[in-house]
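The values are calculated or read from the model by the stated rules, or taken from the named source; none is laboratory data. Values in this document were obtained by computation on a predicted structure and should not be read as measured data. For neighbour counting, all protein chains shown are included, and Cβ atoms are generated from backbone atoms with ideal geometry for every residue, glycine included. Note: accessible area is taken over every heavy atom of the protein model, side chains too, but ligands, DNA and RNA are not part of it. Shrake-Rupley method; radii C 1.70, N 1.55, O 1.52, S 1.80 Å.
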Amino acid sequence: MTTKLTTVFSQVEDPRRDITRLHELNDILLIAILAVICGAETWKNIETFAISKVDFLSTFLKLPNGVPMRDTYRRVFAAIDSEQFETCFIKWVNSLATISKGQVVPIDGKTLRGAKDSTGKSSIHMVSAWACQSNLVLGQVKVDEKSNEITAIPKLLEILSLEGNTITIDAVGCQTKIVEKIIAEKANYIIAVKENQKTLYQEIEDEFRFSKEIQTASTQNLDHGRIETRICSTIKKFSHLESQHKWKNLKSIVRIESVREFKNSNKPKETGIRYYISNLEQEPKSFNKDIRSHWAVENKLHWTLDVAFGEDASRKRIGNSAQNFSILNKIALNLLKNEKTAKQGVKGKRFKAALDNQYLKKVLNL
């Protein structure tokens with residue numbers, strides 16, 4: 001794992017002039033990755049980690065002038081080309097043997113709120129892909145400041161290896177060009193439909209109102225005093241979907257009716273209906289499972305980055321530092337999620353890695 005990290009990230013171009021290079025770029029990158037694994041959230045944290053672990057680090061890093069100080073990390077990560085760093089991250093993820101085909105890959109956006117400041121600099125918004133079965137972040141792309149996720153999603157699709165997987169996206173991704181891009185990448189799609197696609201939405205409603213060929217399956221889950229019933233209905237033969245030809249390889253439309261009831265509470269039950277389009281022709285039970293899997297990108301990625309890594313509270317704003325530190329967080333998350341010997345959450349694993357060099361080696365596969 002470490003060999004793959006050093007090989008792939010050695011392709012990152014060093015933004016410093018020769019005269020200012022007291023430390024190897026590879027050493028700086030690896031120290032930062034190790035520090036973030038062990039709980040570092042600031043440049044000062046990374047410096048403290050490096051000083052305290054210098055004997056351990058010197059067993060596999062060059063460190064020609066000792067360990068760098070905080071300003072070195074701050075300057076380097078602000079200057080590194082973020083797109084190049086992201087490309088190297090994706091190459092590293094693609095090199096991992098744990099990535100398998102035929103799984104659900106949710107794509108969703110997250111705002112790094114701490115990157116916004118009083119001078120008017122906007123918050124950075126990242127679009128990420130999460131592999132549900134492999135438990136890995138596959139990649140990320142920054143949304144351009146004057147754009148939105150609609151332009152960022154095709155860029156992410158283009159740089160990822162998604163053949164044979166099922167891409168799930170919320171309604172912002174319900175765009176004909178995005179559907180065409182997914183099919184071009186030889187992947188499948190399940191995309192939410194809302195009234196931002198008014199004609200399509202109305203036609204889907206009409207199909208479910210009048211069709212006599214609806215397949216249905218339901219599931220019920222009890223969790224924390226809440227009972228949720230999900231009824232999944234699918235239609236594969238269309239009579240009212242006049243815009244069908246616009247959506248590449250459209251084979252199924254899906255309706256999810258959810259009812260949430262609360263035990264031991266006077267809270268009224270919650271109901272909702274959501275619609276989806278897909279090029280798959282699978283059974284309602286499978287659609288229900290795949291659509292539910294989409295929330296893994298929120299629960300296992302975004303929530304973990306905020307709660308375990310403090311990403312939303314981060315105040316890194318200079319240059320490319322916020323975007324690049326987000327990549328560090330995702331590298332650490334991938335390594336920690338796929339370390340199976342410690343039976344505890346990400347926070348607990350980070351604490352254990354900080355205390356135990358042998359366990360840190362396990363995380364890194366040393």
Between 0 and 90 degrees, rounded to the nearest ten: what's the tilt of helix 284-293 against the longest Cα principal axis of the chain?
30
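As a test of reading the structure, rank PHE351, PHE210 by solvent-accessible area (1.4 Å probe, protein chains only), most first.
Ranked list, largest accessible area first: PHE351, PHE210.
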Using DSSP to define loop residues, name the trypsin sites (Lys or Arg not before Pro) in region 199-248 whose beta-carbon has at most 12 other beta-carbon atoms within 10 Å.
LYS212, LYS237
DSSP-loop trypsin sites (Lys or Arg not before Pro) across region 40-103, with at most 15 other Cβ within 10 angstrom:
LYS62, LYS101
Row for region 31-80, column shape: gyration tensor on C-alpha, a ≥ b ≥ c, rounded if a/c < 1.5 i.e. under 1.5, prolate if a/b over b/c, else oblate; value oblate
Under 14 Å, Cβ to Cβ, from GLU261 - net charge with Lys/Arg +1 and Asp/Glu -1
+2
Is the chain best put as rounded, prolate or oblate by its Cα gyration tensor, with a ≥ b ≥ c the root eigenvalues, rounded for a/c under 1.5, and otherwise prolate when a/b is larger than b/c, oblate when not?
prolate
I want the local charge near ASP108. Using Cβ-Cβ distances under 9 Å, sum +1 for each Lys or Arg and -1 for each Asp or Glu among the other residues.
-2
Ordering THR176, THR72 by accessible area with a probe of 1.4 Å, largest first, what comes out?
THR176, THR72
Could you sort ASP290, ASP312, ASP71 by their accessible area in this structure, using a 1.4 Å probe and putting the largest first?
ASP71, ASP312, ASP290
What the 10 Å binned alpha carbon P(r) of region 151-251 shows, as percent of pairs per bin from 0, is 13, 38, 32, 17, 1
Pick from ALA131, ALA342, ALA35: which residue has the top mean-square fluctuation in a GNM of the chain where Cα pairs under 10 Å get a spring?
ALA342
Only helical DSSP H runs with n ≥ 4 go in: add -39500 (n - 2.57) per run for the chain, normalise by residue count and round the 222 nm mean residue ellipticity to 500 deg cm²/dmol.
-11500 deg cm²/dmol
Go through region 227-306 and name the GluC sites (Glu not before Pro) that are in a DSSP coil and have 15 or fewer other Cβ atoms within 10 Å of their Cβ.
GLU242, GLU281
